[in-house]
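A short reminder: the numbers here are calculations on the coordinates, not readings from a lab. The shown structure was predicted, so the numbers you read here are calculated from the model rather than taken from an experiment. For neighbour counting, all protein chains shown are included, and Cβ atoms are generated from backbone atoms with ideal geometry for every residue, glycine included.
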Amino acid sequence: MPGRSAGGSPASLDLERLIGDARRRLPRSHKALLEQIGVQDAVVNRWPDGVQAFYETLKATPPTAGDLANALAVWLPDVRVVAYNGDLLSHALDVHDLDQASVQRAVDNIAWHEYGHALSATRASSTTKRDGPRLLGLLPPGLRAAIDYPGGYRQMQVFDEVIANVYALVIGRAVQSGDYRMPSFLHPDVCDAFKAVVPWPPDAR
Ligand SMILES: [Zn+2]
């Protein structure tokens, strides 16, 4: 049946359009920054092989299958691509009682988190990044619980993870409610670290 998979499940979500909408609604200056960094979005359907294929012509080492396992999306600094796990996302978002707005909100959150990675990875110094574990300890419990450290992340990855989570949070408030203030529940040191990497509040909204 056209537009339907063999299993009879609904046609796969238009992930490209949902991701495009997430990016389009960013503040203008942040869109420009992502352009400047050269961030591209790519929905990858053979995971993890499709991600590792980006590295075929590069000397850089691709992430391992273990690194990529169960990831909904990943920022690939060497190729400046945000790769979205097409099959896993379609599966996760193909829930009958999930309305269009909820699907968009889920994709927004994933894309904005990865853009936070792209900004942090390209704009934070390695000295700054050493501060990751301390900043993690200053996050409110809910945000802290989203970052599996020590465990899933190495010490030098924690800073980017903190920035990515804070970016998705503050961009969400800005886009959805027009609220450009840093949330009062974030520690001043976290806000300072964030603002050192991400221009905030963004100009030319
Ligand atoms: Zn992350």
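A few notes on this one:
- Taking the number of Cβ atoms within 10 Å of each Cβ as an exposure proxy, the fewest-first ranking of 114, 56, 161, 16 is 56, 16, 161, 114.
- Considering only 90, 102, 120, the Gaussian network model of the chain with Cα springs below 10 Å gives its largest mean-square fluctuation to 102.
- Share antiparallel - DSSP beta bridges, the range 11-97, percent rounded to 5: 45
- Under the Karplus curve 6.51 cos²θ - 1.76 cosθ + 1.60, θ = phi - 60°, whole-Hz ³J(HN,Hα) for the range 185-198, x wherever Gly or Pro sits: 7, 8, 4, x, 5, 5, 4, 5, 4, 4, 5, 6, 10, 10
- In a reduced charge model with +1 at each Lys and Arg Cβ and -1 at each Asp and Glu Cβ, the range 72-116 shows a dipole moment near 160 debye about its Cα centre.
- Extension gain for residue 37-residue 21 works out to 3.8 nm (0.36 nm per residue, less the C-alpha to C-alpha distance).
- Most mobile of 176, 104, 157 in a GNM of the chain (Cα contacts under 10 Å): 176
- Cα pair distances of the chain binned at 5 Å [whole percent]: 1, 7, 15, 18, 19, 18, 12, 6, 2, 1, 0, 0
- Length-normalised contact order of the range 124-199 in % [C-alpha pairs under 8 Å, at least 6 apart]: 36
- Distance between the range 177-197 and the range 124-141 - C-alpha centres, whole angstrom: 14
- Among 195, 31, 129, the order by Cβ neighbours within 10 angstrom, fewest to most, reads 195, 31, 129.
- Note on the chain: antiparallel DSSP beta bridges, both residues inside, total approximately 45 percent of the bridges counted.
- In this rough spin-label picture, where each label sits 7 Å from Cα along the Cβ direction, the residue 98-residue 70 distance is 1.7 nm.
- Förster radius 35 Å - calculated FRET efficiency between residue 60 and residue 144 (Cβ-Cβ, nearest 0.05): 0.70
- Distance between the pseudo-spin-label points of residue 78 and residue 45 (7 Å out from Cα toward the beta carbon): 2.6 nm.
- Scattering profile of the range 124-199 at q = 0.13, 0.14 Å⁻¹ [log10 I(q)/I(0), Debye over alpha-carbon scatterers]: -0.35, -0.41
- In a DSSP loop and with at most 15 other Cβ atoms within 10 Å, the chymotrypsin sites (Phe, Trp or Tyr not before Pro) in the range 98-201 are 180, 185.
- Computed [θ] at 222 nm, helices only, for the chain once each DSSP H run of length n ≥ 4 contributes -39500 (n - 2.57): -15000 deg cm²/dmol
- For the chain: relative contact order, % (alpha-carbon pairs under 8 angstrom, 6 or more apart): 23
- For the range 11-97, the orientation-averaged shadow of the C-alpha convex hull comes to 6.6 nm² (one quarter of the hull surface).
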